[in-house]
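Here is the structure we will look at, set down as structure tokens.
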Amino acid sequence: MAYAGAPQQSWPTRPPFERKIRQVGAPLGVLILLGILAGLIVIGLTALNPVGASVGFVLSGVAIGVVVFAYIWLDRWEPEPPRLLIFAFLWGASVAVILSVVIGLFLDALIQQGGSEDSSWVSIAIGAPVIEEAAKGAFLLLMMTGRRRNELNSLTDCLVYAGLVGAGFAWLEDILYIAGGETLGDSLLTPSVRLVMGPFAHSLFTTMFALGVWFALHNRSPAMKTLYILLGYAGAVIMHGLWNGSSVIGPETYLAVYVFWMVPVFVFAIVLGVRSRKKEQRVVAEKLPGMVAAQLVTPSEATWLNSIKNRKLAIAHARRSGGKPAGKAVKAFAAQVVELAFVRDRIDRGFGDARVYAMQTEEANAVHVARMQTPALAGLAGFHAPPVR
């Protein structure tokens, strides 16, 4: 396995801060703008209904906090740039919500003009899923453009971004529901069921879109890419429609859909996420021998770069020897090795083009630069982690 840019060659260096800003793909100004939009919505709701908005903020914050923590845990092996994770959540909590409300109001007006007796059910079971899943899924389409697509290295990445978009959307939507009730009892009834039974619901719907994006990324045909994305979108809409429609029909139907449909799909999503993260570990372990041959990592480093557990042991060892800065530097070095492994895996799977080979050179250079800027690695020269089981 050949890596462009061997240690004996000249290594173009780039200031770490500049490289981080260039790769992150989420300008600070955009994050501030989306944060302001979400904040203004909450402030407006608080002005209209101080008690309801306050209760909604607390309850929704606790429930969605669990969801966000779960996705951050899933993202441990190859952590995504923090700004992109924040971008995903804020997209769901601002752009997706605003688009859904504006388009939804327009659609409701059209449905009412049609004079349908089932206008409410059509709006909730069909209109809302079609609009909301498109608004959330638009973030994943954005992630497929420019340098942002370099961050979609694995199915786990797609699941994490989809999950955080859904979490942001659910967080603000539940606040809207609670703050919109005429009385506190009325406003808490439906959202309480949603918060207890389905805090992961919106994330789960958007997971279907994420699967479509993942399969699209592994296909060269534009027609097949489009087909996979549309299938993922259709899956998200169907799941969302069943969830919403059953709540309108009655509690028995709602409970049946929850137990016999939502729960099994949720379990499937958990299994899928865990298996995907294990596959990430296998990809890195498979690429380490080639990195050792290219003198990008040492044989002893390869023993602790092959699993989360061993990586933690090495980081803890460095922290004990050189303090928190040493542990942080070793962690950054490990993350850079993982980035290189995924670029190499893309090439080995037959998706190598001029752009990907240029990325490999860049990531290999970055590994070398990270090594030069991490004296703590010298203290790990004699550290050998136990074999992975």
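The values are calculated or read from the model by the stated rules, or taken from the named source; none is laboratory data. Since we're looking at a predicted model, the values are computed, not measured. Using ideal geometry, Cβ is built from the backbone for each residue, glycine included, and neighbour counts are taken over all protein chains shown. Ligands, DNA and RNA are stripped out before the accessible areas are found, and what is left, the full protein with its side chains, is counted by its heavy atoms. Shrake-Rupley method; radii C 1.70, N 1.55, O 1.52, S 1.80 Å.
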Inset, instruction - Order these peptides, 292-303, 258-269, by their mean beta-carbon neighbour count within 10 angstrom, highest first. - result: 292-303, 258-269
Inset, instruction - With θ set to phi - 60°, apply the Karplus curve 6.51 cos²θ - 1.76 cosθ + 1.60 along region 291-298 and write out the HN-Hα couplings as whole Hz, x wherever there is a Gly or Pro. - result: 5, 5, 4, 7, 6, 8, 9, 8
Inset, instruction - Any chance you could check the Cα centroid distance between region 73-104 and region 328-364 for me, in angstrom? - result: 25 Å
Inset, instruction - Could you state the angle between the C-alpha long axis of helix 308-322 and the longest principal axis of the C-alpha atoms of the chain, as a value from 0 to 90 degrees rounded to the nearest 10? - result: 60 degrees
Inset, instruction - Hand me the tally of lysine pairs in the chain: alpha carbons under 14 angstrom apart, and the pair either on different chains or 8 or more positions apart. - result: 6
Inset, instruction - Find the centroid of the Cα atoms in region 40-59 and in region 210-224, then give the distance between the two in whole Å. - result: 40 Å
Legend entry - Degrees separating the helix 324-346 axis from the principal Cα axis of the chain, which is the longest one: 80 degrees
Inset, instruction - Among (1) 43, 22, 19; (2) 55, 41, 28; (3) 38, 25, 18, find the value of semi-axes √(5λ) of the Cα gyration tensor in Å that was calculated from the structure presented, and write down its label. - result: (1)
Inset, instruction - Kindly state, to the nearest 0.05, the FRET efficiency for ALA256 paired with THR226, given R0 = 35 Å and r defined as their beta-carbon distance. - result: 0.50
Legend entry - Estimated dipole of the chain in Debye, rounded to 20 [Cβ of Lys and Arg +1, of Asp and Glu -1, Cα centre]: 2160 debye
Legend entry - Nearest-0.05 FRET efficiency for ALA234 and LYS278, computed from C-beta distance (R0 25 Å): 0.30
Inset, instruction - Starting from the amide H of ASP75, placed 1.01 Å from N in the peptide plane, find each other amide H under 5 Å away whose residue is 5 or more places distant or on another chain. - result: none
Legend entry - Hypothetical label at VAL101: residues of region 131-145 whose amide nitrogen lies under 16 Å (7 Å Cα-Cβ projection): 132, 135-136
Legend entry - Radius, Kirkwood style, for region 295-380 when every pair of distinct Cα atoms is counted (Å): 13.4 Å
Inset, instruction - Kindly write out, for region 120-135 in residue order, the coupling ³J(HN,Hα) from the Karplus curve 6.51 cos²θ - 1.76 cosθ + 1.60 (θ = phi - 60°), rounded to whole Hz, with x marking Gly and Pro. - result: 5, 5, 4, 5, 6, 8, 10, x, 4, x, 4, 6, 5, 5, 5, 5
Legend entry - Apportionment of accessible area to carbon and sulfur, region 237-384, percent (1.4 Å): 65 percent
Legend entry - Å² of accessible area per residue within the chain, as computed with a 1.4 Å probe and no ligands counted: 48 Å²
Legend entry - Value of [θ]222 nm, deg cm²/dmol, for the chain, DSSP H segments ≥ 4, -39500 (n - 2.57) each, nearest 500: -24500 deg cm²/dmol
Inset, instruction - Determine ³J(HN,Hα), in whole Hz, for all residues of region 276-282 in sequence, where each value follows from phi through the Karplus function 6.51 cos²θ - 1.76 cosθ + 1.60 and θ = phi - 60°; x replaces Gly and Pro. - result: 5, 5, 5, 5, 4, 4, 5
Inset, instruction - Taking the chain as the reference, fit the longest principal axis to its C-alpha atoms, fit the long axis of helix 354-372 to the helix C-alpha atoms, and give the angle between the two in degrees, 0 to 90, nearest 10. - result: 60 degrees
